[in-house]
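The values are calculated or read from the model by the stated rules, or taken from the named source; none is laboratory data. Just so it is clear, the structure is predicted and the values come from calculations on it, not from any experiment. Virtual Cβ from ideal backbone geometry, glycine too; neighbours counted across all protein chains shown.
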Amino acid sequence: MDQRKQIPGFAIPELSAVLGISAKDLLSRKHLTPTDGSSLAPAVWFKLRDTRLGDSDREFVGLVRRLGFSMAQLEEITNTRSASSWDAIAQTVSSKIDRSAPPALQGREAASHFRSIANLQHGQTGIGELIRPRLRQSGLVVIESPISKSSLEGCCFEIGADEDKRPCVFANSFKSTWFRRNEIILHEVCHAIFDLANDPVSLDFINEGDSPTIPEERARAFSQECLVPRSVIVHYANQLGIKWNELTMEQLARLVAETHAEQRLVLRAAHGNGMITDDLLARYSAYDCTAVLRAISLHMLTTREYMKSLAAEMPKWIARNRTTALGTRRLRLPAGYVKQVIDATNSGEISIGKAAEMLMMDRYTFLERFGDSVMEPALV
Amino acid sequence: MIPGKPANPLLIIFDTSVLLQLIVTDQLSLLRYLKAEYKVQSAIATAVEAEALQILTTIPRFMGRQEQLKKALSNGTIIRLDQPSLGELLGTGVDALLRQIDSEGLRLHLRVDRGEAYTHAAAGVLGVPVATNDITAVNRLLRDGEDLPRPILRFWDFMVFGHQVAQLDGASCDKVRQKMATIGEGLPPCFTGRGFNAGLPEFYARLVDGQAPMIGALNPEGQLDQRQVLHRR
């Protein structure tokens with residue numbers, strides 16, 4: 001017998017979901033060493049060996065996959081499984097696209113179908129505020145959390161056990177704006193629709209430049225067309241009385257605020273739709289709209305400032321207390337998920353200890369943070 | 001065993017909550033006393049050991065006391081519910097019991113946390129009492145129709161038992177009460193805002209010695225108020 005300690009039975013299901021290794025393989029005492037030198041790392045972790053990723057990125061993915069395990073459990077407890085809805089959306093969009101068409105065209109067409117199927121058509125107005133709730137309703141896991149020492153801007157990978165896999169899209173919120181993340185999230189959504197079946201992880205890095213691959217080209221066009229299709233930009237240009245060759249900084253800030261897309265994307269859309277020339281694109285790209293935008297849009301506030309502005313009308317835990325940690329890695333949990341856990345506790349579906357476990361904290365921290373929102377545990 | 005005396009339970013299985021309170025109030029000696037005088041072995045699931053050690057190293061009110069748990073595990077005051085310890089206690093057939101505990105624990109883990117799940121699973125499979133303070137887990141499992149062995153012992157059942165068998169005087173119990181209040185651990189209503197001796201007549205003890213004079217409330221108050229009577233061996 002070898003000297004390795006056996007993994008305790010209670011840890012197996014969770015480890016299996018996080019590592020992507022079956023419970024059977026985890027319990028196996030055989031040394032699985034391939035003779036040809038190939039790696040036995042599960043596909044997701046094999047891909048995460050990318051040299052541009054650091055330990056913090058990998059730990060973060062592990063943390064999110066752990067969250068996915070709890071989310072699946074919560075859905076099972078509350079009978080609210082929704083992953084199938086996402087599968088249907090992704091399949092419908094994907095099946096309507098001609099894969100031999102130019103990737104940018106694929107992206108634009110897919111975006112048009114996606115806006116309609118995912119219920120993101122919202123007149124001709126910006127959809128930034130709808131993206132997250134609509135995606136989550138369809139069963140996609142959306143996480144925005146800061147990873148400071150990382151060049152990762154967004155990624156997409158599968159979480160959950162075999163029978164309940166679902167895509168998770170992640171946007172790094174460190175030194176990023178809400179407008180920017182709208183694009184990142186939709187970019188990753190495109191990867192979730194088209195690429196996840198063949199590639200277990202899609203990684204997008206800050207300042208990556210224009211990578212000339214089909215998936216990247218398609219995802220870029222998809223996010224642009226989802227956020228600022230021609231109809232939306234024309235609508236706001238008319239409403240704001242914009243003359244494209246005399247665009248002011250204030251007008252550009254207003255366009256950003258209304259379309260919910262960052263300056264660079266708005267200008268790229270205007271340029272792509274023939275509204276501005278190369279010269280105007282260069283000139284308007286040099287505008288610094290930050291100050292004006294901060295004055296007219298709450299979304300330009302930092303996450304902390306934004307949450308603070310909501311704190312008066314929402315429970316305290318939404319603005320604070322949502323950051324959990326596993327080891328040294330921290331993760332800001334989605335507010336909707338935290339609320340579901342608290343609701344399940346109050347309705348007696350799970351114990352306080354289970355609620356704490358689902359939020360990846362101990363029961364003492366849970367009660368300290370959410371004691372006001374849940375019934376205090378009485379003694380037996 | 002002395003003929004005519006009902007058998008004591010072989011084990012009492014502790015959840016994290018009671019275990020941590022025994023540690024933070026320095027009362028693990030009561031578990032040694034239970035073992036020595038009544039042949040009742042204290043035990044924890046490995047999931048509880050992991051959770052307790054994590055809390056003992058991270059939560060300020062418990063921090064720095066992990067050595068107490070390690071020592072109690074190494075000197076046999078508390079045993080882990082694993083093959084070697086249970087094998088020694090129960091003899092053959094332990095592997096099947098452990099598999100059953102694992103499978104039950106996995107099932108219960110959907111509704112209650114890991115420590116709670118494996119503690120109640122073990123108690124159910126082995127038919128021995130559980131020590132836990134967490135009413136939300138107990139309620140959750142009872143609502144699901146789980147058959148939880150009774151009685152369900154609380155931290156204060158051990159204190160009152162210690163007092164009944166003269167291992168703890170009233171002043172020591174009150175010190176424990178004050179310590180618990182200071183660190184923000186919940187107290188039963190009868191001990192909240194009043195001394196131990198004042199509250200004792202209202203506390204229905206679920207763990208008692210069959211020979212020592214009875215103390216505490218005479219009548220049960222809640223449906224979980226059932227007694228485990230122990231006899232010296």
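The figures follow:
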{"item": "Index of the failed condition, B:ARG99 passing every other in (1) at pLDDT below 95; (2) touching a helix residue (DSSP H, G or I) at 6+ places or on another chain (Cβ under 8 Å); (3) within 9 Å of chain A (Cβ to nearest Cβ)", "result": "(2)"}
{"item": "Some residue of the stretch A:194-213 being in contact with an Asp or Glu (Cβ under 6 Å, 6 or more places away or on another chain) and at pLDDT 90 or above", "result": "no"}
{"item": "Flag if A:GLY371 is at pLDDT 90 or above and over 23 Å from the mean Cα position of the chain (by Cα)", "result": "no"}
{"item": "Spans of helices (runs of 4 or more DSSP H) in the stretch A:258-323 with at least 2 residues at pLDDT 90 or above, in contact with a helix residue (DSSP H, G or I) (Cβ under 8 Å, 6 or more places away or on another chain) and surrounded by fewer than 19 Cβ atoms within 10 Å (Cβ to Cβ)", "result": "A:263-272, A:278-285, A:290-296"}
{"item": "Filter result for the condition that a residue is surrounded by fewer than 14 Cβ atoms within 10 Å (Cβ to Cβ) and hydrophobic (A, V, I, L, M, F, W, C), over B:ALA52, B:ALA36, B:ALA45", "result": "B:ALA36"}
{"item": "Subset of the stretch B:70-84 that is over 14 Å from the mean Cα position of the chain (by Cα) and more than 14 Å from every other protein chain (Cβ to nearest Cβ) - its residue that is surrounded by the most Cβ atoms within 10 Å (Cβ to Cβ)", "result": "B:ALA72"}
{"item": "Sole exception among (1) charged (D, E, K, R); (2) crowded, with 21+ Cβ neighbours inside 10 Å; (3) more than 17 Å from B:LEU224 (Cα to Cα); (4) within 12 Å of chain A (Cβ to nearest Cβ) for B:GLU185, by number", "result": "(2)"}
{"item": "Residue match in the stretch B:56-74 (condition: in contact with a helix residue (DSSP H, G or I) (Cβ under 9 Å, 6 or more places away or on another chain), hydrophobic (A, V, I, L, M, F, W, C) and more than 29 Å from A:LEU367 (Cα to Cα))", "result": "no"}
{"item": "Filtered residues of the stretch B:116-139 (kept if in a helix (DSSP H, G or I) and in contact with a Phe, Trp or Tyr (Cβ under 9 Å, 6 or more places away or on another chain))", "result": "B:ALA117, B:TYR118, B:THR119"}
{"item": "Residue check for B:LYS5: modelled with pLDDT of 95 or more, surrounded by fewer than 22 Cβ atoms within 10 Å (Cβ to Cβ) and basic (Lys, Arg)", "result": "no"}
{"item": "A:GLU129, sole failed condition from (1) among the charged types (D, E, K, R); (2) surrounded by 14 or more Cβ atoms within 10 Å (Cβ to Cβ); (3) closer than 18 Å to A:ALA219 by Cβ", "result": "(3)"}
{"item": "Any hit, the stretch A:161-170, residues being under 24 Å from A:ARG332 (Cβ atoms) and free of Cβ contacts under 8 Å to residues at least 60 places away in the same chain", "result": "yes"}
{"item": "Residue match in the stretch B:150-161 (condition: in contact with a Pro (Cβ under 9 Å, 6 or more places away or on another chain), in a loop (DSSP other than H, G, I, E, B) and under 25 Å from B:MET63 (Cβ atoms))", "result": "yes"}
{"item": "Within the stretch A:237-257, considering residues that are in a loop (DSSP other than H, G, I, E, B) and on the phi < 0 side of the Ramachandran plot, the one surrounded by the fewest Cβ atoms within 10 Å (Cβ to Cβ)", "result": "A:LYS243"}
{"item": "Residue in the stretch A:330-360 that is surrounded by the fewest Cβ atoms within 10 Å (Cβ to Cβ), counting only those that are in a helix (DSSP H, G or I) and β-branched (Val, Ile, Thr)", "result": "A:ILE342"}
{"item": "Flag for B:ASP147 being charged (D, E, K, R) and either out of contact with any helix residue (DSSP H, G or I) (no Cβ under 7 Å at 6 or more places or on another chain) or in contact (Cβ under 8 Å) with a residue 40 or more places away in the chain (or both)", "result": "no"}
{"item": "Residue match in the stretch B:105-122 (condition: away from chain A (no Cβ under 13 Å) and among the hydroxyl-bearing types (Ser, Thr, Tyr))", "result": "no"}
{"item": "Looking only at the stretch B:173-182, and only at residues there that are touching a residue at least 40 places away in the same chain (Cβ under 8 Å) and away from every other protein chain (no Cβ under 13 Å), the one that is nearest to B:ASP26 (Cα to Cα)", "result": "B:VAL176"}
{"item": "Residue check for B:ARG111: in a loop (DSSP other than H, G, I, E, B) and surrounded by 21 or more Cβ atoms within 10 Å (Cβ to Cβ)", "result": "yes"}
{"item": "Neighbours by Cβ (under 8 Å, 6+ apart or cross-chain): first from the stretch B:46-63, facing chain A (nearest Cβ under 9 Å); second surrounded by fewer than 13 Cβ atoms within 10 Å (Cβ to Cβ) and not in a helix (DSSP H, G or I)", "result": "B:ARG61/B:GLY184"}
{"item": "Condition check for A:GLN73: of a type outside the set (A, V, I, L, M, F, W, C), more than 22 Å from A:VAL266 (Cβ to Cβ) and assigned by TED's automatic domain parsing to the domain that holds A:ILE206", "result": "yes"}
{"item": "Filter result for A:GLU357 (under 19 Å from B:VAL48 (Cα atoms) and out of contact with any helix residue (DSSP H, G or I) (no Cβ under 6 Å at 6 or more places or on another chain))", "result": "yes"}
{"item": "Any pair with Cβ under 6 angstrom, 6 or more apart, that starts in the stretch A:100-114 at a residue that is in a helix (DSSP H, G or I) and ends at one that is at pLDDT 95 or above and surrounded by fewer than 17 Cβ atoms within 10 Å (Cβ to Cβ)", "result": "A:HIS113/A:LYS96"}
{"item": "Cross-chain or 6+ apart pairs with Cβ under 8 Å, the stretch B:128-144 first and at the interface with another protein chain (Cβ under 7 Å from one of its Cβ atoms) and at negative phi, then of a type in the set (Asp, Glu) and part of a helix (DSSP H, G or I)", "result": "B:THR132/B:GLU116; B:ASP134/B:GLU116; B:ALA137/B:GLU116"}
{"item": "Residue match in the stretch A:13-29 (condition: at pLDDT below 75 and exposed (fewer than 10 other Cβ atoms within 10 Å of the Cβ))", "result": "yes"}
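Residue-wise test of (1) of a type in the set (A, V, I, L, M); (2) away from chain A (no Cβ under 13 Å); (3) surrounded by fewer than 19 Cβ atoms within 10 Å (Cβ to Cβ).
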site	(1), (2), (3)
B:PHE161	no, yes, no
B:LEU168	yes, yes, no
B:ALA198	yes, yes, yes
B:PRO201	no, yes, yes
B:VAL208	yes, yes, no
B:GLN226	no, no, yes
B:LEU230	yes, yes, no
